1. Distance between Cα centroids, region 19-47 to region 150-166: provide it in whole Å.
2. On the protein heavy atoms, probe 1.4 angstrom, tell me the percent of accessible surface of region 41-100 carried by carbon and sulfur.
3. Show that you can apply the helix-only estimate: for the chain, add -39,500 (n - 2.57) for every DSSP H stretch of four or more residues, divide by all residues, and state [θ] at 222 nm to the nearest 500.
4. Against the longest alpha carbon principal axis of the chain, how many degrees, from 0 to 90 and to the nearest 10, is the axis of helix 155-165 turned?
5. Sort by residue number and report every cysteine in the chain with no other cysteine beta carbon within a distance under 4.7 Å.
6. Going down the list Lys90/Lys148; Lys5/Lys53; Lys90/Lys139, which pairs span over 21 Å between their C-alpha atoms?
7. Straight distance only, please: which aspartates and glutamates reach the Cα of Lys112 with their own Cα at less than 19 Å, same-chain residues fewer than 8 apart left out?
8. For region 1-160, what does the relative contact order come out to in percent, with C-alpha contacts under 8 Å and a separation of six or more?
Amino acid sequence: MATSKLDEIDRMILAELQADGRMTNVELAKRVGISAPPCLRRVRTLEDAGYIKGYHARVDSRGLGFEVQVFAMVGLQSQAESDLSAFEAKCDDWPLVRECHMLNGEVDFILKCVAPDLSTFQRFLTEELTSAENVGSVKTSLVIRGAKDEPGVPFNVLEERLAREA
């Protein structure tokens, strides 16, 4: 999906919803400068096209009792596409794994994991992750504190680039 298919109003809708996905369609329409019915049609089109993948509340993981956040760098023994896909599917089954990204370089995948305590993560690490089929190595880094956790994309950077290209 190329951003060139999106016009300025579509990008404004996405930016507004990214900042506040709970606003009403009427409020969204007012913010982007169109009436409510075409705004709703545009939102539905953006959803159908896959630009909007869902609406989520940002929860306080530590406040909810998930005190441990760990990044796990995973090296696989085989990087055949079937083995990569099998590992990704396995990650979908692990509730402690919140993000899974395949990387280029020495590490095949980086996983963002959360757990209520260190012993829960350690049990996952030793009983599930390191013992999973095709896993050759795992290196972990415990998060001490987070300095930035900003979901989505920086629309202002995209708008600046599009303005330069115009």
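1. 20
2. That fraction is 49 percent.
3. -11500 deg cm²/dmol
4. Helix 155-165 sits at roughly 60 degrees to that axis.
5. For the chain, the answer is Cys39, Cys113, because their Cβ atoms have no other cysteine Cβ under 4.7 Å.
6. Lys90/Lys148
7. Asp60, Glu67, Glu88, Asp92, Asp93, Glu99, Glu127, Glu128, Asp149, Glu150
8. 23
The values are calculated or read from the model by the stated rules, or taken from the named source; none is laboratory data. This one's a predicted model, so the numbers in the text were calculated from it and none came from an experiment. Because the Cβ atoms are built from the backbone with ideal geometry, glycine has one as well, and the counts that use them run over all protein chains shown. Just the protein is used for accessible areas: all its heavy atoms, side chains included, with ligands, DNA and RNA removed. Shrake-Rupley method; radii C 1.70, N 1.55, O 1.52, S 1.80 Å.
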